[in-house]
Amino acid sequence: MLLKVGSTGDDVKKLQSKLGLTADGIFGNGTAAKVKEWQAANGLTADGIVGNGTWSKMFGEATQTTQVVKEDVVIPSSSEFKLQNLKGHVPDAVIAQIPDTAKKFNITNPLRLAHFLAQCGHESGGFKAVQENLNYSADGLKKIFPKYFPGNLAEGYARNPEKIASKVYGGRMGNGDESTKEGYKFRGRGYIQLTGKSNYTNFAKFIGEDTVSNPDLVATKYPLASAAFFFDSNKLWSICDKGADDATVTAVTKRVNGGTIGLADRIKHFKEYYNLLK
């Protein structure tokens, strides 16, 4: 038994019901927070991960052998890529998503995959961040979003992600105005932040699941696919195809980042992944 952020299914629903949450079967950050609270209150390590110990104490039942979920994700061996070579360099959970994502979004060769993974890894802090951090101080808001927070306006928004996103993203990218809070509902999620109601709508049409009604799916179920959707929609593959040199990584970075922030790290990881895959 191992349930954590990203897990789905009936066991997650059972867990959520026990914790008094909406039983949607998707283990997101809200479920993890409730698990931590329960673990702390019951003398367990509050790590937000439900293993055999937490499950047994919560439900008073031992997990059966047939229900054991291994922590190590099975990496598909039928892929055309040398995915086993990425073990230890990219999280197993990410590697397992590559074959399906590659088929859907035109990742047709190791060069494209290496460029893609290098950008995803950097943008998400090593494949860890799956949603935008908007917990800015007043000074941070003035520096990062001066257009939206002139004068003392930032003071009323500081450290309030919902208000910040609703203002900054309101009235654009398909979102309603600030009062609708759609800017927050459709804030950045995935390894390369999918942002705005229009983008969520287009992604939902392509992937065949309603990420407009349930935008958290982008963070929990489709963090890699949503990033590939961004690459495919913005025609980044034609840039990736230009080569394996630093100039090409720089060109891809400018399209992804809008600048060259973190370029050295992106180049380093591109070379690492490409050498493993080619």
With the checklist (1) surrounded by 22 or more Cβ atoms within 10 Å (Cβ to Cβ); (2) touching a Gly at 6+ places or on another chain (Cβ under 8 Å); (3) among the β-branched types (Val, Ile, Thr) in hand, flag the one item residue 249 doesn't pass. (2)
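Being of a type in the set (D, E, K, R) and open to solvent by less than 30 Å² (accessible area, probe 1.4 Å) is the requirement here; does residue 266 meet it? Can you show your working first?
On the way: of a type in the set (D, E, K, R): yes; open to solvent by less than 30 Å² (accessible area, probe 1.4 Å): yes.
Yes; evaluated as a whole, the condition is true for this residue.
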Do you know which of the residues in the stretch 21-47 that are among the hydrophobic types (A, V, I, L, M, F, W, C) and modelled with pLDDT under 85 is least open to solvent (accessible area, probe 1.4 Å)? 27
Based on what the data block shows, is residue 50 open to solvent by less than 70 Å² (accessible area, probe 1.4 Å) and either within 27 Å of residue 98 (Cβ to Cβ) or modelled with pLDDT of 80 or more (or both)? yes
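Can you find even one residue in the stretch 228-235 that is closer than 21 Å to residue 4 by Cα and acidic (Asp, Glu)? Quick ask: steps written out before the conclusion?
Quick first cut of the stretch 228-235, residues closer than 21 Å to residue 4 by Cα only: none.
No: the stretch 228-235 contains no residue that is closer than 21 Å to residue 4 by Cα and acidic (Asp, Glu).
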Please work out which residue is nearest to the chain's Cα centre (by Cα), limiting yourself to the stretch 3-13 and to residues that are of a type outside the set (Gly, Ala, Ser), crowded, with 16+ Cβ neighbours inside 10 Å and outside any strand (DSSP E or B). 5
Taking into account only those residues within the stretch 53-83 that are modelled with pLDDT of 80 or more and assigned to a loop (DSSP other than H, G, I, E, B), which is nearest to residue 113 (Cα to Cα)? 81
Conditions first: (1) in contact (Cβ under 8 Å) with a residue 60 or more places away in the chain; (2) buried (at least 17 other Cβ atoms within 10 Å of the Cβ); (3) closer than 18 Å to residue 129 by Cβ. Residue 226 passes all but one, so which condition is the exception? (1)
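Yes/no per residue for (1) in contact (Cβ under 8 Å) with a residue 60 or more places away in the chain; (2) touching a helix residue (DSSP H, G or I) at 6+ places or on another chain (Cβ under 6 Å); (3) over 23 Å from residue 231 (Cα atoms):
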site: 89; (1), (2), (3): yes, no, no
site: 105; (1), (2), (3): yes, yes, no
site: 109; (1), (2), (3): no, no, no
site: 117; (1), (2), (3): yes, yes, no
site: 135; (1), (2), (3): no, yes, yes
site: 153; (1), (2), (3): no, no, yes
site: 156; (1), (2), (3): no, no, yes
site: 166; (1), (2), (3): no, yes, yes
Quick one: is residue 103 open to solvent by 50 Å² or more (accessible area, probe 1.4 Å) and in a loop (DSSP other than H, G, I, E, B)? no
Which residues, taken from the stretch 123-175, are closer than 21 Å to residue 259 by Cβ, of a type in the set (Ser, Thr, Tyr) and either more than 21 Å from the chain's Cα centre (by Cα) or open to solvent by 30 Å² or more (accessible area, probe 1.4 Å) (or both)? 136, 148
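The values are calculated or read from the model by the stated rules, or taken from the named source; none is laboratory data. Computed from a predicted structure; not experimentally measured. All Cβ positions, glycine included, derive from the backbone under ideal geometry; neighbour counts span all protein chains shown. What goes into the accessible areas is simple: the full protein's heavy atoms, side chains included, and nothing from ligands, DNA or RNA. Shrake-Rupley method; radii C 1.70, N 1.55, O 1.52, S 1.80 Å.
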